[in-house]
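The values are calculated or read from the model by the stated rules, or taken from the named source; none is laboratory data. Note that this is a predicted model, so its numbers are computed, not measured. Here the Cβ positions follow ideal geometry from the backbone for every residue, glycine too, while neighbour counts run over all protein chains shown. Ligands, DNA and RNA are excluded from the accessible area calculation, which covers all protein heavy atoms including side chains. Shrake-Rupley method; radii C 1.70, N 1.55, O 1.52, S 1.80 Å.
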Amino acid sequence: ARSLLAGHSSGLRTGVSTVSDIMMATLVAYPFIIDAGLLAWGINESPDIAFQLAAMNSESIFINGLVMMLTKNIVGRQRPYAEGCTSNSDSKTCNSSEANLSFLSGHTSMAFTGAGLVCAHENHLPLYGNRSTRAIACGSALAAASTVGVLRVVADKHHLTDVLAG
């Protein structure tokens, strides 16, 4: 998968990495800003539901982050970009503290947590009103999270198995 998907230039890998950073952050923020803030509190005028959604979101993100960081540090899998490094390499990427934190993909894990929260909110609360709008919100979030995973492989930050686990 790496030979097929990984970006072949440093500029492409850097750009794709930045895009995946932005997409992941957006997917994590969306359930807080849009679902809890704008829809529950603002439009539906229900601060109690907004608070409950924000608390559920916080708990999910915290637990995901804890499991992800523990897994990364216990497994210690080398990132794809560091595979050519030797013990005496002086490259900045080879000596990075993140060179052995590949498994599992935190960006993918966080993106799917955000997408899962959007789907859970839309499945259990009529925040968007009708069923087709709710399906679009959930489907779009899942598609964006999947894109984050693919971009992490293109950026040469993760192996495909890291992304699938994430």
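Before we move on, is F32 over 19 Å from A165 (Cβ atoms) and crowded, with 16+ Cβ neighbours inside 10 Å? For F32, the condition - over 19 Å from A165 (Cβ atoms) and crowded, with 16+ Cβ neighbours inside 10 Å - is met. Looking only at region 42-54, residues that are over 16 Å from H124 (Cα atoms), out of contact with any Leu (no Cβ under 9 Å at 6 or more places or on another chain) and part of a helix (DSSP H, G or I) come to 2 in all.
Can you tell me which residue among L27, L38 is under 20 Å from the mean Cα position of the chain (by Cα) and not small (G, A, S)? Break it down into steps so the answer makes sense when it comes.
On the way: L38 fails: under 20 Å from the mean Cα position of the chain (by Cα).
Step by step, each of L27, L38 is checked, and only L27 is under 20 Å from the mean Cα position of the chain (by Cα) and not small (G, A, S).
Against the criterion of being within 21 Å of L66 (Cα to Cα) and in contact with a His (Cβ under 7 Å, 6 or more places away or on another chain), S97 does not qualify.
Quick check, is Y81 of a type in the set (S, T, Y), at pLDDT below 95, surrounded by 15 or more Cβ atoms within 10 Å (Cβ to Cβ) and part of a helix (DSSP H, G or I)?
Numbers: of a type in the set (S, T, Y): yes; at pLDDT below 95: yes; surrounded by 15 or more Cβ atoms within 10 Å (Cβ to Cβ): yes; part of a helix (DSSP H, G or I): yes.
Yes, satisfied.
Scanning region 126-141 for residues that are open to solvent by 70 Å² or more (accessible area, probe 1.4 Å) and among the aliphatic types (A, V, I, L, M) returns a single hit, I136.
Any residue at all in region 11-27 that's under 18 Å from A165 (Cβ atoms) and out of contact with any helix residue (DSSP H, G or I) (no Cβ under 8 Å at 6 or more places or on another chain)? No, that holds for no residue.
The condition (being open to solvent by less than 30 Å² (accessible area, probe 1.4 Å) and over 15 Å from M24 (Cα atoms)) is satisfied by just one residue among A99, A120, A145, A111: A99.
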